[in-house]
Each structure stands twice: as structure tokens, then as C-alpha cells.
Amino acid sequence: QVQLVESGGGLVQAGGSLKLSCAASRIIFSRATLDWYRQAPGKQRELIAGITSGGSTNYADSVKGRFTVSRDNAENTMYLQMNSLKPEDTDVYYCNTRPAVQAYWGKGTLVTVSS
């Protein structure tokens, strides 16, 4: 069964850092482009970063220069290093393939940034 499991969220002060993980089953990880999304209650899910199987990355303007996406193909895991966090980064963070597959959405991991 294909699964994507996010972890690493928590409470951090503004200016702090967190590193999120997205563990994927091997069957999809090795060739997939993967994306990070975030969503606040009542708002649309926002695509914030992505990485291809070859390691090319892209970022939304809202996180560019502060967040870094990476992947470890041996561990079937994608990461999101988040630095200089702001209160407006408070959201539930999710990962998915590109294009996103409805069945792959997990529970996400909550990031709370206090001011």
C-alpha cells in the first residue's frame, strides 16, 4: 500500500527552525517528483516546495530563501528544512507526489510558530 507519512512538526518561536520529514513507500519514491504543501484551517492548500527524482527544486515565493527541500533516495524520505520561521508559517504541512494523488494525502504534521 502506498503511503506518505509526514513528521517533524512542533512548536517553535519566530526565527527558529524545524526539519520536516516525508517518508514514502519505495514503490513511488524512487522515480517520483515530490511536493510539500501547507494548509491553514479554512484556507486552500498551498504548494510551497518540490523536488524531482534528480534533485531539481522549486519554491513558492513565500518560502524561498528560508526553506530547503531535499531527499534521501536510499531512505525513501523527503525533507523540508525550515529556517527563519514566521508566525504566518503556522500550518499543517503535507507531502504528495506531483501531480498530487488524492489517496496519498496523509494526516500532515502541524507546525506552530509563536511570535
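The values are calculated or read from the model by the stated rules, or taken from the named source; none is laboratory data. Predicted model, so just to flag it, every value in this text is computed and none were measured. Backbone-built Cβ (ideal geometry, glycine too); neighbour counts: all protein chains shown. Side chains are part of the model used for accessible areas, which takes the heavy atoms of the whole protein and leaves out ligands, DNA and RNA. Shrake-Rupley method; radii C 1.70, N 1.55, O 1.52, S 1.80 Å.
Odds and ends about this structure:
- Calculated diffusion of the chain, Stokes-Einstein form, Kirkwood radius summed over Cα pairs, 25 °C and 0.890 mPa s, µm²/s: 176 µm²/s
- When only the Cβ of Lys, Arg, Asp and Glu is charged (+1, +1, -1, -1), the dipole of the chain relative to its Cα centre reaches about 140 debye.
- For a label point 7 Å along the Cα-to-beta-carbon line of ALA23, residues of segment 94-115 with backbone N under 19 Å: 94-97, 104-111
- From phi via Karplus (6.51, -1.76, 1.60), per-residue ³J(HN,Hα) for segment 78-93 in Hz, x at Gly/Pro: 10, 10, 9, 7, 10, 10, 6, 5, 10, x, 6, 7, 5, 5, 8, 9
- Near THR33, the amide H atoms lying under 5 Å from its own belong to SER53, ARG98; only residues 5 or more places off or on other chains count, and H is placed 1.01 Å from N.
- Stretch gain in nm, segment VAL101-ASP61, where the contour uses 0.36 nm per residue and the Cα spacing is subtracted: 12.0 nm
- Under the Karplus curve 6.51 cos²θ - 1.76 cosθ + 1.60, θ = phi - 60°, whole-Hz ³J(HN,Hα) for segment 10-25, x wherever Gly or Pro sits: x, 9, 9, 7, 3, x, x, 9, 8, 10, 9, 10, 10, 8, 10, 5
- Estimated distance in nm for a label pair at SER114 and GLN81, the labels positioned 7 Å out from Cα along Cα-to-Cβ: 2.6 nm
- Distances between placed amide hydrogens fall under 5 Å for LEU85 paired with GLY15, GLY16, all partners being 5 or more residues away or on another chain.
- Each part gets one Cα centre, and for segment 96-115 versus segment 72-89 those centres are 12 Å apart.
- In the context of the full set of protein chains, residues of the chain present 54 Å² of accessible surface per residue (probe radius 1.4 Å, heavy atoms only).
- Scalar couplings 3J(HN,Hα) for segment 29-44, obtained by applying the Karplus form with A = 6.51, B = -1.76, C = 1.60 to θ = phi - 60°, are 5, 4, 10, 8, 7, 10, 10, 9, 10, 9, 8, 9, x, x, 10, 6 Hz; x denotes Gly and Pro.
- Farthest towards the positive end of the charge dipole of the chain, among the residues SER17, TRP105, ALA40, is the Cα of TRP105, using unit charges on the Cβ of Lys, Arg, Asp and Glu.
- 10 Å Cβ shell holding at most 12 others, DSSP loop, trypsin sites (Lys or Arg not before Pro): longest site-free stretch of the chain: 65-106
- In angstrom, the C-alpha Rg and Dmax of segment 12-63 are 13.2, 37.
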